[in-house]
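Notes for the one structure printed next.
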Amino acid sequence: MPITDENELYALVGEIMVLSARVEASLESCIAVCLPNASLELSQPVLRRLNLASQLATLHEVAQLLYDRRDTTLVEFRRWLRRLGRVRQRRNNLVHNVLRVACSPETLGLWKSEIGYMREVCAQAPEWAAVLESRVASMSACA
C-alpha cells in the first residue's frame, strides 16, 4: 500500500473513532434526560461506564416505558437506535478486521461513505434528547 493511502487510512480511522465517541456522548445525553431528578454531574460516573451496546439497550428499554408500543415516536426512535447499532457494528468491523489487512482504494472509499452515515446518525441525537426530555417532563407533570 502506498504511504499516501496509509496516511489516508489513519485519518479515516481517526475520524471514525472521533465520531464514535460523539455517538456515545450523544447517547449519554439521551439517557441523562430520562433520569429522574439527578443532576448531570451525579449521573456522569454511571453514564461513562456504559459502553455503546449498553447505552443502546438502556435507551431501548427506557423508550418502551415512555411510549405506547404503537406510538410513531417509539417506532422512529427504535429505528434510530437500530441505525446506531449498525454504526457500532461497522466501527467494530473496521477496528477488528479491516485494519488487519492492507486496504484497497475501494475499501477506503467504502469507509468514507460510512463516515457520512455516522455523521448523519450522530446529528440526530440532540433532537432525540429533546424529544425524550419533553416526554419525561410531560409524564412528571401528569403524576
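Can you pull out every residue in the range 57-88 that is within 16 Å of the chain's Cα centre (by Cα) and among the polar types (S, T, N, Q)?
Passing the criteria: only Thr58.
Pick out the one residue from Arg79, Arg69 that is assigned to a loop (DSSP other than H, G, I, E, B) and either modelled with pLDDT of 85 or more or surrounded by 13 or more Cβ atoms within 10 Å (Cβ to Cβ) (or both).
Working: Arg79 fails: assigned to a loop (DSSP other than H, G, I, E, B).
Answer to the check: Arg69.
With the checklist (1) modelled with pLDDT under 85; (2) outside any helix (DSSP H, G or I) in hand, flag the one item Val95 doesn't pass.
Only one criterion is unmet by Val95, namely (2).
Working only within the range 44-61, note down all residues that are in contact with a Leu (Cβ under 9 Å, 6 or more places away or on another chain) and more than 20 Å from Arg88 (Cα to Cα).
Val46
Going through the range 29-53 one residue at a time, which ones are within 20 Å of Arg79 (Cβ to Cβ) and free of Cβ contacts under 8 Å to residues at least 40 places away in the same chain?
Result: Ile31, Leu52, Ala53.
The values are calculated or read from the model by the stated rules, or taken from the named source; none is laboratory data. This structure is a prediction, so every number in the text was calculated from the model and none was measured. Because the Cβ atoms are built from the backbone with ideal geometry, glycine has one as well, and the counts that use them run over all protein chains shown.
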